[in-house]
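The values are calculated or read from the model by the stated rules, or taken from the named source; none is laboratory data. Computed from a predicted structure; not experimentally measured. Cβ placement follows ideal geometry from the backbone for every residue including glycine, while neighbour counts extend to all protein chains displayed. Protein only, heavy atoms only, side chains kept; ligands, DNA and RNA dropped before computing areas. Shrake-Rupley method; radii C 1.70, N 1.55, O 1.52, S 1.80 Å.
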Amino acid sequence: MVIYALVLAAVMAAFHIVVAVVGAGIIDQWSVLALVAAAVVIILGALMFRRELTTLPFAFFVFHVISYVLVAGSVAVHAFVANWAGTWGGGLVWMVGLWSVGLLVHAFASISHGGFADADA
């Protein structure tokens, strides 16, 4: 999972560089492509590590937390530091909010199912 986290962190670093340099501080079509790349990394990571994620206790939850922190967390920090207009009332709030609800549901599901250790059973 360390390799997954490093690859996703690199993709998100590319997103932040594109926003800062190419997009002149705003999210443009190039930075959206970087976010699409992040989504692809998450999907590929989930597929590649499917067996481990479904057999090791809480592995899928940890996978979700890593993804959340690297994607939503880094965008929230970037927006706050850059003082983006609409940071606290626009799309950022919805993105972080929706991912947070998903993370919370995932946490409860992981705990109630013993960390998904028996997901394939």
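Observations on the model:
- The set of residues in region 3-17 that are among the hydrophobic types (A, V, I, L, M, F, W, C) and crowded, with 19+ Cβ neighbours inside 10 Å comprises Leu8, Val11, Met12, Phe15.
- Residue in region 81-91 that is free of Cβ contacts under 8 Å to residues at least 24 places away in the same chain, in a helix (DSSP H, G or I) and open to solvent by 80 Å² or more (accessible area, probe 1.4 Å) present: yes
- Candidate set: region 21-37, residues that are open to solvent by less than 60 Å² (accessible area, probe 1.4 Å) and of a type in the set (Gly, Ala, Ser); chosen: the one farthest from Asn83 (Cα to Cα): Ala37
- For region 38-61, the tally of residues that are open to solvent by less than 80 Å² (accessible area, probe 1.4 Å) and modelled with pLDDT of 85 or more stands at 8.
- Restricting region 110-121 to residues that are in a helix (DSSP H, G or I), surrounded by 14 or more Cβ atoms within 10 Å (Cβ to Cβ) and among the small types (Gly, Ala, Ser) leaves a set whose member that is modelled with the highest pLDDT is Ser110.
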